1. Does A:Phe54 satisfy being under 24 Å from A:His228 (Cβ atoms) and among the aromatic types (Phe, Trp, Tyr)?
2. From the list A:Arg156, A:Arg232, which one is surrounded by 24 or more Cβ atoms within 10 Å (Cβ to Cβ), at pLDDT 95 or above, basic (Lys, Arg) and under 26 Å from A:Pro305 (Cβ atoms)?
3. With the requirement that a residue be in a loop (DSSP other than H, G, I, E, B) and facing another protein chain (nearest Cβ under 9 Å), what does the stretch B:121-143 give you?
4. With respect to A:Gly253, determine if the residue is on the phi > 0 side of the Ramachandran plot, of a type outside the set (Val, Ile, Thr) and free of Cβ contacts under 8 Å to residues at least 60 places away in the same chain.
5. With the requirement that a residue be modelled with pLDDT under 55 and not in a strand (DSSP E or B), what does the stretch A:32-63 give you?
6. Out of A:Gln26, A:Gln79, report the one residue that is modelled with pLDDT of 95 or more and among the polar types (S, T, N, Q).
7. Which one of these does B:Leu161 not meet: (1) under 9 Å from the mean Cα position of the chain (by Cα); (2) surrounded by 19 or more Cβ atoms within 10 Å (Cβ to Cβ)?
Amino acid sequence: MSIHRVLAASSLVLLLAACTPAIVPQSGPAAVVSPRTRAEPPMPLPNREGSLKFAAMGDSGNASQGQYQLATQMAKTHQAFPFELVLMSGDNLIGSERPQDYAEKFERPYQLLLDAKVLFFAALGNHDDRNQRYYKQFNMEGQRYYSFKAPRQNVRFFALESTYPEPTQIEWLERQLKESTDDWKVVFVHHPLYSSGGRHGSDIMLRKTLEPLFIRYNVSVVFAGHDHFYERIKPQMGIAHFVLGSGGRLSAGDIDARSPLTARGFDADQTFLVAEVFDDQMHFNAISRTGQIVDSGLIVRRQPPAAPAP
Amino acid sequence: MSDRSRTSVCAIGAVLLMGWLPVSPAGAARQVPRTAADDAPVVADFLTRVNAYVVIHLQAERAAPKLPQEATPKQIDQTQRAMADRIQAARAGAKRGDIFTPEMTAVIKRILIEVLAGPAGARRRSSIMDDNVKFVPLTANQRYPDDVALTTMPPGLLKALPELPEEMEYRFIGPHLILFDQHAHIIPDFVPNALAGK
């Protein structure tokens, strides 16, 4: 029996499973992604009261059958795991962006989630028209880059426009990160700092610009897109990185199998991610178009460096 | 004036100053490769032309209906088209080469040859061609074609090109490098066949 069948059979049950923490929270300076291999069963999402539940995806807006089917799967998941917001890591509308395209590439596929008052927060990708920042449903309030506090738990999200990481934006980011006293600092951005994609791969230049800030100011998790597959990167400098670029588009077979970066990769189907933050822990499940849990795990947030002894 | 526009104006000042620096006649005679300093006056002139366009853009923006921060797609489209109409009217006589002068076109092509060379360059080119169309005939001052996706602009390329004010972007449509007014969806000017090399 293939791993996918095993995962599919257990996925629904596990999504609804009661909380049984698999890993004791750890302290220390670095985020820790639980060591998992492909053979392990998926880790359940605790689905506990008071937690922050959210979803994330990227490269969704191509109006493909894959996008619509994944959106249906997201709505199904939402019934069992009521996430209240969705992070979009760019390429939200691919191709033309006329009013009818907003409907066809966003409003229609996610109608059930929008009806359920789920809020979408978008970052701009390389194919996105900057006018998207004015679109009410993307909650960008006219900004190309912005941050917002999550409605629950001590979490702040930062959306960046990675196509133009100009000094003004970087200075803004540094100010925001420095001023944030939130336990969790989570960045979503289009271009991945780390990726094993054959088509695009890691954006080294962006990494050089952003990573020092992420390290200095205690960012725990980075969600990206651009490469059209799911990949969880082995923690880099203590930070968890995800590539979530198969929200609609899919580059089947694009993950470099020899890449030393990959903790878990899945490029056979469209995928989105659901996550749950409670205190210092973030559980996550990556779910495919057909409802398979293709990856799961637990991240413990990075801790600020201890103050020097008097 | 936005921070970005102020930065551009400062950049123009800097490159103009560099342009006044004396050039060694001996160096010119030996046909040494052109440097960024050699191109500085051409780039400064280009940015002056871009900023002249931005003045028209800002006038059109002020005259167009103000877009709320929580707009509908229809409002976004209407504002964009209203701005485009005003810009196209104000630049009714615009032609190819008004902003990308022949000298600047040569600079752009040199930059592209350099940035798209070697294995890293091949990767950048492949990135640009991802979702790019084969060929679309263009004219200066036209509306960006509704059915053409915005292409990828590799960071390494953007870093090599002169920085634009916030209102403007570089993009490719087929082999052409365009200036893209992203608020009004206008193509103020373009470099034909920029990807084709010399």
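The values are calculated or read from the model by the stated rules, or taken from the named source; none is laboratory data. Just so it is clear, the model here is predicted, and its values are computed rather than measured. Using ideal geometry, Cβ is built from the backbone for each residue, glycine included, and neighbour counts are taken over all protein chains shown.
1. So A:Phe54 fits the description; yes.
2. On inspection, the qualifying residue turns out to be A:Arg232.
3. B:Asp130, B:Asp131
4. When the stated conditions are applied, A:Gly253 passes them.
5. Hits for the stretch A:32-63 are A:Ser34, A:Pro35, A:Arg36, A:Thr37, A:Arg38, A:Ala39.
6. The match here is A:Gln79.
7. (2)
Residues checked against (1) surrounded by 20 or more Cβ atoms within 10 Å (Cβ to Cβ); (2) among the aliphatic types (A, V, I, L, M):
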position: A:Leu213; (1), (2): no, yes
position: A:Asn218; (1), (2): yes, no
position: A:Gly225; (1), (2): yes, no
position: A:Leu244; (1), (2): yes, yes
position: A:Gly247; (1), (2): yes, no
position: A:Val274; (1), (2): yes, yes
position: A:Phe284; (1), (2): yes, no
position: A:Pro308; (1), (2): no, no
